[in-house]
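See structure below.
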Amino acid sequence: MADSGDVAPPYDYRTVRQAYDTVAEDYAARLPDTRAEAALDLAMVDAFVAAVGGETVGEGSGARVLDAGCGAGRMSRHLADRGLLVEGIDLSPGMVAMARRDHPDLTFDEGSLVDLPHPDDHFAGVLLWYSIIHTPPADHARIFAEAGRVLRPGGHLLVGFQSGEGTRDVAPAYARHGHDVELVRHLCTADEVAGRLAAVGLAEVCRLVRQAEGSERDAQAMVLARKGPAHISA
Ligand SMILES: C[S@@+](CC[C@H](N)C(=O)[O-])C[C@H]1O[C@@H](n2cnc3c(N)ncnc32)[C@H](O)[C@@H]1O
């Protein structure tokens, strides 16, 4: 992880890490699985699973996938249950501890999306499921370049995020559950994300943008992209 100052992310990730360390146990209890996802969201995850070769042979192809910003591991579980060989990585030691506690059969490590410890061309798929949302959009390119680096040519990336413009303060929502944290999330559009992915050689395959449902404040967007031969490293 880039804590030594060698490769510092260009935003204050320490605040994000501290916030998720604080809420980790509650987050794992309130969001243990994919029940918060809309059916459309899970359809995009299914498309990702199919694209990387899950559920193709018996219990699955065993294609290697990275859950990047895995939190407490609920999406890692979802992917593993569909026959993928999943490992998760997250900035927050507290979230990683919850992931290891709740999914002891899977592998989870601490690390930053802008400085992944994996070799080039290593994964058939990378999932960025609401893990770019605390990074200012101007810094997304670095995360996408790093995800592209660890993807093998032809590999797929799925990005999920709240769609729109501007910034939301997440602290009041956590305060209602008794947590005192500093945390904001940044909105961006599918066009912006697809453009930044294309700039590092990750070509859009398809996207889904849906309106907010239930207690959601914002529309939700998912972009599926594929690594071509011309990936550009950071
Ligand atoms: C909204 S949670 C989503 C967690 C998980 N993907 C899920 O769907 O439950 C955002 C997660 O991204 C992680 N995260 C944010 N920025 C990160 C970064 N630069 N590197 C690694 N993880 C990061 C946070 O620690 C947090 O666990």
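Here the simple spin-label model places points 7 Å from the Cα toward Cβ, and for ASP121 and ASP33 these points are separated by 3.9 nm.
Would you work out the relative contact order for the chain, in percent, from Cα pairs under 8 angstrom that are 6 or more residues apart?
Working: 493 pairs, mean separation 43.3, N = 234.
18 percent.
Taking 37 °C and 0.692 mPa s as conditions, segment 84-224 diffuses translationally at an estimated 203 µm²/s according to Stokes-Einstein applied to its Kirkwood radius (Cα pairs).
Is the shape of segment 140-216 best called rounded, prolate or oblate, per the rule: a/c under 1.5 gives rounded, else a/b larger than b/c gives prolate, else oblate, with a ≥ b ≥ c the square roots of the Cα gyration tensor eigenvalues? Since a/c reaches 1.5 and a/b is larger than b/c, the shape of segment 140-216 is classed as prolate. Note on the chain: GNM, Cα springs under 10 Å; of GLN220, GLN18, GLN211, the largest mean-square fluctuation is that of GLN211. With the simple spin-label model, which puts each label point 7 Å out from Cα in the Cβ direction, the VAL205 to ARG100 separation comes to 3.2 nm.
Calculate what fraction, in whole %, of the accessible area of segment 138-234 sits on carbon and sulfur atoms when a 1.4 Å probe is rolled over the protein chains.
On the way: 2230 of 4460 Å².
In segment 138-234, the share of accessible area belonging to carbon and sulfur is 50 percent.
Residues considered: PRO32, PRO117, PRO104. Largest GNM mean-square fluctuation over the chain, using C-alpha springs under 10 Å, is found at PRO104. Among the trypsin sites (Lys or Arg not before Pro) within segment 132-199, which fall in a DSSP loop and have no more than 15 other Cβ atoms within 10 Å of their own Cβ? The qualifying sites are ARG176. Within segment 61-165, the GluC sites (Glu not before Pro) that combine a DSSP coil assignment with at most 12 other C-beta atoms in a 10 angstrom radius are GLU165.
Tell me whether segment 12-137 comes out rounded, prolate or oblate; compute the Cα gyration tensor, take square roots of the eigenvalues as a ≥ b ≥ c, and use a/c under 1.5 as the rounded threshold. Write down the numbers at each step before the final one.
On the way: a/c = 1.65, a/b = 1.41, b/c = 1.17.
Taking the square roots of the gyration eigenvalues as a ≥ b ≥ c, segment 12-137 is prolate.
Per-residue Karplus couplings for segment 191-203, computed as 6.51 cos²θ - 1.76 cosθ + 1.60 with θ equal to phi - 60°, are listed in order as 4, 4, 5, 4, x, 5, 5, 4, 5, 10, x, 10, 8 Hz, Gly and Pro entered as x. Of the solvent-accessible surface of segment 67-136, computed with a 1.4 Å probe over protein heavy atoms with every protein chain present, carbon and sulfur atoms account for 48 percent.
Using the Karplus relation 6.51 cos²θ - 1.76 cosθ + 1.60 with θ = phi - 60°, the per-residue 3J(HN,Hα) values for segment 122-133 come to 9, 10, 7, x, 10, 10, 10, 9, 6, 9, 8, 6 Hz, with x marking Gly and Pro.
Using the Kirkwood radius built from alpha carbon pairs, what does the Stokes-Einstein equation give as D for segment 115-181 at 25 °C and 0.890 mPa s, in µm² per second?
Values: Rh = 13.8 Å.
Rounded, D is 177 µm²/s.
The values are calculated or read from the model by the stated rules, or taken from the named source; none is laboratory data. What you are looking at is a predicted structure, and each value in this text was computed from that prediction instead of being measured. As a convention, Cβ positions derive from the backbone with ideal geometry for all residues, glycine included, and neighbour counts pool all protein chains shown. Surface areas here come from the heavy atoms of the whole protein model, side chains and all, with no ligands, DNA or RNA. Shrake-Rupley method; radii C 1.70, N 1.55, O 1.52, S 1.80 Å.
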